[in-house]
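This report refers to the structure that appears directly beneath it.
The values are calculated or read from the model by the stated rules, or taken from the named source; none is laboratory data. Source: prediction; values computed, not measured. We place every Cβ from the backbone using ideal geometry, glycine too, and count neighbours over all the protein chains shown. These area figures cover heavy atoms from the full protein model, side chains too; ligands, DNA and RNA do not enter into them. Shrake-Rupley method; radii C 1.70, N 1.55, O 1.52, S 1.80 Å.
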2 protein chains.
Amino acid sequence: MKLMAVTDDQQSVKALAEKIISIKDVIDYVQIREKSKSVQNIVSLIDSLLRNGVKKEKIIVNDRLDVALCMNIPTVHLPEHGLPVKLVKQRYPHILVGCSVHSVEKAKEAEVNGADYVIYGHCFETNSKKGLPPNGIQPLSQIKKELNIPVYAIGGITLETLPSVKEVGADGVALMSAIFAADDPHSLTKKVSEAIQDEK
Amino acid sequence: MKLMAVTDDQQSVKALAEKIISIKDVIDYVQIREKSKSVQNIVSLIDSLLRNGVKKEKIIVNDRLDVALCMNIPTVHLPEHGLPVKLVKQRYPHILVGCSVHSVEKAKEAEVNGADYVIYGHCFETNSKKGLPPNGIQPLSQIKKELNIPVYAIGGITLETLPSVKEVGADGVALMSAIFAADDPHSLTKKVSEAIQDEK
């Protein structure tokens, strides 16, 4: 299973860069999802990550394909009302594209349109989606049966919920607040990484 | 002098498309600046313009270089905290880049970094910048002396203020609310266009 950290849009460029750099060797990917920051700040953040040894192959830019293109980042994650996957893959076949999906139907549509992976959620109750009932883990099991591309689980993924995500066969997990709101992001991420390795 | 319409982010995709299509033959450019719309809606809007005879050379995409690239629109207008001009011109020299500037210094910097035009403002009091004192028209005269690239004036440009903008030698004017809040955008835009032509 793969491990993706998704930034929480709750900290300064400097603090966020430090946290990402501290976990760079225990994660497979970090998705930069900083909706309230200016594009200039996102460019600065990515620049700082690259200069501090975070491999560009580990970085995923949420929404802004242009930032990815200008900074030679190979992967972009498209939000639900962002650029159409099909348009992006037609124009930039070399760019890897991920999509957020909330149902089996949308997951199939994303694959047909050329997505390289999907993130399904949210699976469990989470502070990032407070008050919204989770979509549950069962559709993920169905998505895994229907799709050939990797499927990540997001939303309330913790050391406690991880076993049930493994059970349904997810290819990876995406964690936001569990990592970025942790007192020690490196220690938490290492534990999750080890829990994933254990049963590989 | 050139005439640029800048969208006001105040109407539906359908209403906005209709207004732009109605003025397409009397404007030189239309800058799509719809900050509160989803990227998906901006793509739909531009698609609708192209299918209804608005030439791609007349369209300028605000902020989203990726939308411009994916839709083969040749020009992008970068906001103050958007992608750095230099980065965009290095990576995409064929893309025309405009910048918003508010001082002589920033205008010079934009030109040095490779900008193809600047928009200076806001010149006069305007509803789009309510409560903010205008930067006035004098710096524009200075910018014209120092820069080789075209300089557009924005902010409170009307049939009444147009003569003073001409006097300082602006290469063009950019109008937002004057056009898009007008009862008859076509008639208003035609009058401005004629006023510009008169003294060409």
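Here are a few things to note about the model shown:
- Filtered residue count, the stretch A:166-200, keeping only those that are modelled with pLDDT of 95 or more and β-branched (Val, Ile, Thr): 4
- Applying the criterion of being charged (D, E, K, R) and over 11 Å from B:His81 (Cβ atoms) to the residues of the stretch A:31-50, the residue that is surrounded by the fewest Cβ atoms within 10 Å (Cβ to Cβ) is A:Lys35.
- For the criterion of being modelled with pLDDT of 95 or more and closer than 16 Å to B:Ala174 by Cα, B:Ile21 fails.
- There is at least one residue in the stretch B:41-51 that is over 18 Å from B:Thr189 (Cα atoms) and among the small types (Gly, Ala, Ser).
- Counting residues in the stretch B:105-117 that are surrounded by 19 or more Cβ atoms within 10 Å (Cβ to Cβ) and modelled with pLDDT under 95 gives zero.
- When B:Gly136, B:Gly172 are screened for being open to solvent by less than 50 Å² (accessible area, probe 1.4 Å) and under 16 Å from the mean Cα position of the chain (by Cα), only B:Gly172 passes.
- Residues that are touching a residue at least 40 places away in the same chain (Cβ under 8 Å), surrounded by 15 or more Cβ atoms within 10 Å (Cβ to Cβ) and out of contact with any Lys or Arg (no Cβ under 6 Å at 6 or more places or on another chain), drawn from the stretch A:1-21: A:Met1, A:Lys2, A:Leu3, A:Met4, A:Ala5, A:Asp8, A:Gln11, A:Leu16, A:Lys19
- The one condition in (1) under 18 Å from the mean Cα position of the chain (by Cα); (2) in a helix (DSSP H, G or I); (3) under 28 Å from B:Val76 (Cα atoms) that A:Ala110 fails to fulfil: (3)
- Meets criteria (without any contact (Cβ under 8 Å) to a residue 40 or more places away in the chain, within 12 Å of chain A (Cβ to nearest Cβ) and among the hydroxyl-bearing types (Ser, Thr, Tyr)) for B:Ser48: no
- Selection within the stretch A:1-45 - away from every other protein chain (no Cβ under 14 Å), of a type in the set (A, V, I, L, M) and in a helix (DSSP H, G or I): A:Ala15, A:Leu16, A:Ala17, A:Ile20, A:Ile21, A:Ile23
- The stretch A:139-169 - residue that is out of contact with any Gly (no Cβ under 6 Å at 6 or more places or on another chain) and of a type in the set (Gly, Ala, Ser) and, of those, surrounded by the fewest Cβ atoms within 10 Å (Cβ to Cβ): A:Gly169
- Of the helices (runs of 4 or more DSSP H) that lie entirely inside the stretch B:156-200, those containing 2 or more residues that are among the hydroxyl-bearing types (Ser, Thr, Tyr) span B:185-198.
- Note on the stretch A:51-63: among residues that are away from every other protein chain (no Cβ under 14 Å) and not in a strand (DSSP E or B), the one that is most open to solvent (accessible area, probe 1.4 Å) is A:Arg51.
- Screening the stretch B:64-98 for residues that are open to solvent by less than 30 Å² (accessible area, probe 1.4 Å), assigned to a helix (DSSP H, G or I) and of a type in the set (A, V, I, L, M) and picking the one that is farthest from the other protein chains (Cβ to nearest Cβ) gives B:Val85.
- A:Lys130 meets the conditions (1) touching a residue at least 12 places away in the same chain (Cβ under 8 Å); (2) more than 14 Å from every other protein chain (Cβ to nearest Cβ); (3) open to solvent by 50 Å² or more (accessible area, probe 1.4 Å) in every case but one. The failed one is (1).
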